[in-house]
Amino acid sequence: QVQLGESGGGLVQAGGSLRLSCAPSGRTLNSYAMGWFRRAPGRERDFVAGISWSGSSTRYSDSAKGRFSIFRDNDKNTLYLQMNSLKPEDTAVYYCAARYRGVVVRTTADEYDSWGQGTQVTVSS
């Protein structure tokens with residue numbers, strides 16, 4: 001298990017952009033497969049984007065594809081989710097997750113070992 005903390009959420013108008021950050025405590029993220037999930041009102045916690053341990057592959061939900069980008073900054077030991085062309089339906093609490101020595105991209109919540117506390121993203125119309 002690794003302690004994770006998300007930041008970067010906030011209020012933005014439709015069509016705008018946000019960049020979410022996820023930083024660990026006492027670990028390096030390049031030892032983990034990483035993912036972003038979100039929970040919107042009245043919905044389950046859904047997969048948004050994932051990246052493999054090596055960073056060589058990524059995967060996105062249908063709603064995120066073409067608009068969102070998941071990537072690591074190894075120098076800063078930080079995971080990011082760049083969100084562009086935001087829509088009101090993107091409004092949710094966003095969580096980062098980690099799986100120790102996860103070689104491949106993970107797309108379901110029960111495949112992850114560690115979770116952050118979440119950061120609120122609100123997109124106004």
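Give me the number: length gained by fully extending T28 to R43, i.e. 0.36 nm times residue separation minus the C-alpha to C-alpha distance, one decimal in nm.
2.2 nm
With a 1.4 Å probe and all protein chains in place, put D90, D62, D113, D73 in order of accessible area, largest first.
Descending accessible area places them as D62, D113, D73, D90.
Which value in nm describes the separation of the simple spin-label points at D113 and E89, placed 7 Å from the Cα toward the beta carbon?
Here the answer is 3.6 nm between the modelled labels.
With a cut-off of 8 Å between alpha carbons and a minimum separation of six or more residues, what is the relative contact order of the chain in percent?
37 percent
Counting other Cβ atoms within 10 Å, keep those with at most 11, restrict to DSSP loop, and tell me which trypsin sites (Lys or Arg not before Pro) in region 12-97 are left.
Hits after loop and neighbour filter: R43, K65, K76.
The values are calculated or read from the model by the stated rules, or taken from the named source; none is laboratory data. Every value quoted in this text rests on a predicted model; they were computed, and no experiment measured them. So basically every Cβ, Gly included, is an ideal-geometry build from the backbone, and we count neighbours across all protein chains shown. Please note that ligands, DNA and RNA were not included when accessible areas were found on the heavy atoms of the full protein model with its side chains. Shrake-Rupley method; radii C 1.70, N 1.55, O 1.52, S 1.80 Å.
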